Each structure stands twice: as C-alpha cells, then as structure tokens.
1. Mind listing whichever residues of the range 94-118 are open to solvent by 10 Å² or more (accessible area, probe 1.4 Å) and within 9 Å of the ligand (Cβ to nearest atom)?
2. Within the set of pairs 6+ apart or on separate chains, which have a first residue in the range 284-302 that is among the aromatic types (Phe, Trp, Tyr), a second that is part of a loop (DSSP other than H, G, I, E, B), and C-beta atoms under 8 Å apart?
3. Which strands (runs of 3 or more DSSP E) does the range 65-147 wholly contain that include 1 or more residues that are in contact with a Lys or Arg (Cβ under 9 Å, 6 or more places away or on another chain) and among the hydrophobic types (A, V, I, L, M, F, W, C)?
4. Would you confirm whether or not the range 250-264 contains a residue that is assigned to a loop (DSSP other than H, G, I, E, B) and either of a type outside the set (Lys, Arg) or open to solvent by less than 10 Å² (accessible area, probe 1.4 Å) (or both)?
Amino acid sequence: MEKKLKLGIIGLGTVGQGVVKVLSGMHDIEIVCVAVKNLSKKRDISVDSITDNPLDIVNNPDIDVIVEVAGGLEVFDLLKIAIRNKKHIVTANKELLARHGSELFDLARKNNVVIMYEAAVAGGIPLIYPIKTSLSANVFSEVAGILNGTTNYILTKMEEENLSYDECLLKAQQLGYAETNPKGDVEGFDAMYKIAILSNIVFNKRIDIGKIYHEGITNISSIDIKLADEFGYKIKLVAQAKKMCINQESDMLDIRVHPVLVSKNQSLADIKNATNAILLKGFPVGEVMFVGAGAGEFPTASSVVGDILTIKSEIKEKNKILPMTVCHHSEYAKQINIDDTVNCYYLRINAVNTPGTIGKIGLACGKFNINLSCILQKGVNDDRSATIIVITEECFEKDINLMIKDVEKTSEIKVLNRIRVM
Ligand SMILES: NC(=O)c1ccc[n+]([C@@H]2O[C@H](COP(=O)([O-])OP(=O)(O)OC[C@H]3O[C@@H](n4cnc5c(N)ncnc54)[C@H](OP(=O)(O)O)[C@@H]3O)[C@@H](O)[C@H]2O)c1
C-alpha cells in the first residue's frame, strides 16, 4: 500500500479550516496533529488530535510536512526547528517570507527540504509554481498587479456607490474583508509583502522590504475617484516591480506599492471588488495576466493543498524534490529609491480664485522641467476657492515634490492630493 503523507498543521482559522475540509476526502494524506493558540475556542470542525503546543508538531518524527497557516512572525522559530528536523514546509505567511524568507530558504536548502508558498501571494491564484515551472523560459521585465482584495473592494465601492472611504471600510469590515485593525491592508503593507515575494521569484534576486516604497489608500477621497473617472481613469492600489536602467546601471529594480490612476482601457481597471490580478511582462511569453480570488477559505485552501500534493507526488516519484521548487539565488537586488523614479502625476489643487493662479502653477512646473498634459479649473466655489486638476507628463518624483513645495509657498495654493498615473 502507498505510504501516507503525514501532516502537522499549525493554525485552524479561516485557511486552516479550509485546508482540513479539502483534505478530508484524501485518504493518502493523514493529518497527524493540528496546533492552535486557544484550545477552548469553539470551532465548526473537529480534528482527531489538537494541541496548543506547536513544538509537539515540529518535533514529531512521524510528520513529513508542516502546514503553517497561523500567520504572524511568532512561527519563525517554529519553522526553523521544523526545517532542521527535515520537514518540508507549506506556508501561506507572506509577512514571514517577505521579512525572513532568505534565512528560511537558506536553511531549507541546507536541509534538503522545500518551502512551498503558493497561498502567500494572491490566495487562490496559481502564480508562484507557474512562474517557476511553465514560465521558466522567460526573462521578465515587469510584474504589476492588484494584490490586496480589501483595498480593491473599498475603492470599487467608493466608485460604484459614491461613498466615503470610511463608509466603505466599515462595509469591508462587516463583510469580513477587512480586519478590525485594517492597517496592514489599507496602508499597503500586505501588498508590499506580496510584491517582495513576487519580485524575488520573477527577477531571481533577494529583496530588501525596507527599500520598497509603500503608500496605502487612506488619502483617496471620493472626489479623487469622481475626478479620475471624468478624466478616463480608475483609482487602484497597484503593486509593481520593474527592471530599470539608471545612470548606466542596468538591472536595477523599481519596486513599489501605491494608488495609481489606471486608464479605463487597461485591463487592471476592470478588476473589481476583492478580486486580485497580476500582469507579467516577459520574453518570450509577452504579456500574461492571472485573475482570481486573492483570499478566502476555499480559494486559499486550494493553493495550500496544491502545494501539499506537489510535495507528495515528488516524494513518491523520486524521493527527491523538484529542483525548480528550491530557491537557488542569494544575491540582493539593487533597488531604486522612489525619488529617482519617473511618473506622470495627477494633482488636485485648491486655490484662491485670483488672477494669475493657473499661471503660478504653470510657472512652478516649468521651474522643475515638468510638462503639463492637462490643467483644468472646475468652476469657482461659494467661498471663492477653486479646484484645479493638473495631469503632468512624465517627470522625476523628486521634481514633482520640489514643485509642490514651491507652489505651496504662496498661501493661496494648496495641493490636496497627488496620485501617480500609470
Ligand atoms: N484568510 C485568507 O483569506 C488568507 C489568504 C491568503 C493567505 N492567508 C495567510 O494565511 C495565514 C492564516 O490566515 P487566517 O486568515 O486563516 O488566520 P486566522 O483566521 O486568524 O487563523 C489563525 C490560526 O492560527 C492559530 N494560531 C495563531 N498563532 C498560533 C501559534 N503561535 N501557535 C499555534 N496556533 C496559532 C489560531 O489559533 P486560535 O484559533 O486558537 O486563535 C488560528 O487557528 C496568514 O499568514 C495569512 O496571511 C490568509
């Protein structure tokens, strides 16, 4: 009879429960034990063996694979023990991989085990394994996507129902899309961890997350969404990584997360609600886009169980893990500072409606070599102030910042928002 693959699972929350349910019909896989934090918590499902001491699991000699679906950084030490005990790891933990992936992958290589992490980026969308296998012939130049479902849901609702950011955040919390403390999602941390992991495999370099620029959606107002719409754009939180050549230094990486105005005729503009989408550009494939559920019990369990089955088939076939699943690179990427990036910008300006105001804005742009693509005053408000929208051509981030400082020297002009245009 075929040997069963024996699992130890750490975590029985949203993802852990989905994994246990999906595995329940698979008789060649045995869940030896599940670890949780709080044994007395009421749960919808039961498992044969449960503990609140995950050390029992990582040190259990019967277990082949540790499935870590607990989250957070507390599990870092546990996974190191598991790897030293020669256990393969399946994890959904983006923060852990983005912060400590290098150490874990080095340790895994030394111990001849693999770390599989399909669920850590874009939940149910198969991405990591296809990039490492089916797309391995490619040299990639860019990866960009909507990697956080919560923020995409909030932006979609703001646009479709003309609601404020706070109202949409509350809706997202009521539906379980956003946590009570939404900081990780709305301030761009979650998308930053995911683009770090993606950049790592797409560009075969290690990534320093301390050097990734990230900005969330808390400054986006329904006025910006409405104005963007009038100009032919949608506002999306986009995570992107691009290969650049700067000052004759090639292979620099421009990695960042921030809201952008996406032209309505680009495919990312059509991604609504909690859906995720990732666009890859490379040679020879050209452009390829992955779209699907970026989170949720079953979509995420689909990726976790897929990883478990990949390990099972590899162990069965050759008792050796597919070399493509192992991390081979150890060199860090050279990452560009946001000040040195080049972008087009949308500026929403509030100004006292006096003669020469538009001229002052134009002069400040000229002073820093910024060409305008569009400048438009939206009437005059009752208090004699005016909303002026500026869209620039491509210019350096450091120059637009200097221009804003310069134009705001006069108390009559205030730049209320500045959003990059994709
Ligand atoms: N939710 C999603 O849709 C989704 C999508 C993609 C990736 N992920 C990732 O998947 C992981 C799990 O997410 P989740 O939404 O399932 O979280 P969750 O619902 O909060 O569940 C976490 C589970 O881990 C247990 N746990 C926490 N710390 C533990 C520890 N030190 N030792 C043992 N057990 C511990 C908790 O125990 P108690 O039940 O006793 O509290 C709980 O069962 C995270 O890394 C997350 O980023 C989630």
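The values are calculated or read from the model by the stated rules, or taken from the named source; none is laboratory data. Predicted model, so just to flag it, every value in this text is computed and none were measured. Ideal geometry is used to build each Cβ from the backbone, glycine not excepted, and the neighbour counts take in all protein chains shown. Accessible surface is based on the protein model in full, side chains and every heavy atom, while ligands, DNA and RNA are left aside. Shrake-Rupley method; radii C 1.70, N 1.55, O 1.52, S 1.80 Å.
1. Lys94, Glu95, listed by residue number.
2. Phe290/Ala122; Phe290/Ile125; Phe290/Pro126; Phe290/Leu127; Phe298/Gly124
3. Once the strands (runs of 3 or more DSSP E) in the range 65-147 are filtered for at least 1 residues that are in contact with a Lys or Arg (Cβ under 9 Å, 6 or more places away or on another chain) and among the hydrophobic types (A, V, I, L, M, F, W, C), what remains is 65-68, 139-146.
4. no
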